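Heads up, the thing below is written out as structure tokens.
The values are calculated or read from the model by the stated rules, or taken from the named source; none is laboratory data. Because the structure is a prediction, the values reported are computed rather than measured. Here the Cβ positions follow ideal geometry from the backbone for every residue, glycine too, while neighbour counts run over all protein chains shown. When the accessible area is computed, the model is the full protein with side chains, heavy atoms only, and any ligands, DNA or RNA have been set aside. Shrake-Rupley method; radii C 1.70, N 1.55, O 1.52, S 1.80 Å.
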Amino acid sequence: MKRLLHLSDLHFGRDRPELLDPLIEQINGLAPDLVAISGDLTQRARDWQFMRAREMIDRIKAPCLVVPGNHDTPLDNLFERVLMPWRRYRKWISCDLEPQIHDTDWSVVGVNSVNPLGWQRGRFSLGDIRRVQTCFAQTPEDAYRIVVAHHPLEHQPGETKRLTRGAQHARAELSRIGTDIILSGHLHSWYADTFAMVPDQTPAVLQIHVGTSLSDRLRGEENDFNLLTLKRSAARVDRYACRADRSGYDLSRTVHFSRTDMGWHSA
């Protein structure tokens, strides 16, 4: 069994400081095997915002796998955004924009879905798919194959943001190479289910979105995070939502999934 805790869209610079200590205390209390942070650590890619994100990561006891989001590039400095968009991210967070972790139970692969010149709209390229396939090549057959990216590959009805460039092809190809779960953020909304738009006869892949764990930029939902409990052929997703008094996070919803030869389905 593995337990993965999923955070996203911390937005230091537009965060709720009173939530930071309760969030870290809860993360460490749950003692996950891995914490995945799917981008937007900062609001405007300032050094001081990255510094605060770094301090938070250092307080988490579990290993952390972090990928950047579109807010982690300098929106208001065109020179930097074109020529060196990741200078501050590399300085404070990691030189590796697409980290990966492998053991006998899972392969967790980060993808940098940010297009610095496109600002909000992400991209999932053919090169990204080839890299994920290479990373999964040595993964044991019954182990989990998980992708972490900032931008989702499918939106729910009513979403106004533009879908990730290359999303349709990526959904089909990631299913073909045996991906089990895709973790993402960006939309500041929670969702956990299989992709609705995939070709016939391709295994169903779980898409799990988490909202914003710390930011005051809410879209009608509470600050939240996810805890995934992964067994051989079953997955449980627990959503923890912020209390009204902002003193911590409570379990607000649990969904279960089962894995078969044709992928995942609700259990």
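Can you tell me how many residues within the stretch 82-98 are closer than 25 Å to Lys161 by Cβ and either of a type outside the set (D, E, K, R) or more than 19 Å from the chain's Cα centre (by Cα) (or both)?
Selection size over the stretch 82-98: 7.
Among Glu159, Glu141, Glu154, which is the only one that is open to solvent by 10 Å² or more (accessible area, probe 1.4 Å) and closer than 20 Å to Asp261 by Cβ?
Only one candidate passes the filter, namely Glu141.
Could you tell me whether Arg176 is basic (Lys, Arg) and more than 27 Å from Ala53 (Cβ to Cβ)?
yes
So that you can scan it fast, the table gives a plain yes or no per residue for (1) touching a residue at least 60 places away in the same chain (Cβ under 8 Å); (2) of a type in the set (A, V, I, L, M); (3) over 21 Å from Val147 (Cα atoms):
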site	(1), (2), (3)
Asp33	no, no, no
Arg59	no, no, yes
Gly69	yes, no, no
Asp72	no, no, no
Lys91	no, no, yes
Asp96	no, no, no
His102	no, no, no
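If the Cβ limit is 7 Å and pairs must be 6+ apart or interchain, which residue in the stretch 4-22 that is more than 22 Å from Val147 (Cα to Cα) and in a strand (DSSP E or B) pairs with which residue that is modelled with pLDDT of 95 or more and open to solvent by 30 Å² or more (accessible area, probe 1.4 Å)?
Cβ pairs passing all conditions: Phe12/Arg52.
Kindly establish whether Arg253 is within 29 Å of Ala170 (Cα to Cα) and in a loop (DSSP other than H, G, I, E, B).
Answer is no for this residue.
Hey, could you check the stretch 176-232 for residues that are charged (D, E, K, R) and in contact (Cβ under 8 Å) with a residue 60 or more places away in the chain and say which is nearest to Val108 (Cα to Cα)?
Per the criteria, the residue is Asp180.
Among the residues in the stretch 223-237, are any of a type in the set (Lys, Arg), closer than 22 Å to Leu10 by Cα and surrounded by fewer than 21 Cβ atoms within 10 Å (Cβ to Cβ)?
no
Limited to the stretch 79-98, what total is found for residues that are open to solvent by 30 Å² or more (accessible area, probe 1.4 Å) and at pLDDT 95 or above?
Of the residues in the stretch 79-98, 9 are open to solvent by 30 Å² or more (accessible area, probe 1.4 Å) and at pLDDT 95 or above.
Taking the stated definitions as given, is Arg171 buried (at least 16 other Cβ atoms within 10 Å of the Cβ) and assigned to a strand (DSSP E or B)?
no
In the stretch 107-135, how many are buried (at least 18 other Cβ atoms within 10 Å of the Cβ), in contact (Cβ under 8 Å) with a residue 40 or more places away in the chain, over 16 Å from the mean Cα position of the chain (by Cα) and not in a loop (DSSP other than H, G, I, E, B)?
So the count comes out to 1.
Here is a list: Asp76, Asp21, Asp15, Asp47. Which entry is touching a Ser or Thr at 6+ places or on another chain (Cβ under 6 Å) and more than 27 Å from Trp106 (Cα to Cα)?
After ruling out the rest, the residue left standing is Asp15.
Tell me, which residue of the stretch 51-78 that is open to solvent by 50 Å² or more (accessible area, probe 1.4 Å) and part of a helix (DSSP H, G or I) is farthest from Gly39 (Cα to Cα)?
In this case the residue turns out to be Leu78.
Considering only the stretch 23-49, state which residues are touching a Leu at 6+ places or on another chain (Cβ under 7 Å) and outside any loop (DSSP other than H, G, I, E, B).
Leu23, Ile27, Leu30, Leu34, Val35, Ala36, Ile37, Ser38
Just one of (1) surrounded by fewer than 16 Cβ atoms within 10 Å (Cβ to Cβ); (2) touching a strand residue (DSSP E or B) at 6+ places or on another chain (Cβ under 6 Å); (3) in a loop (DSSP other than H, G, I, E, B) trips up Gly211, so point out which.
Against the list (1) surrounded by fewer than 16 Cβ atoms within 10 Å (Cβ to Cβ); (2) touching a strand residue (DSSP E or B) at 6+ places or on another chain (Cβ under 6 Å); (3) in a loop (DSSP other than H, G, I, E, B), Gly211 comes up short only on (1).
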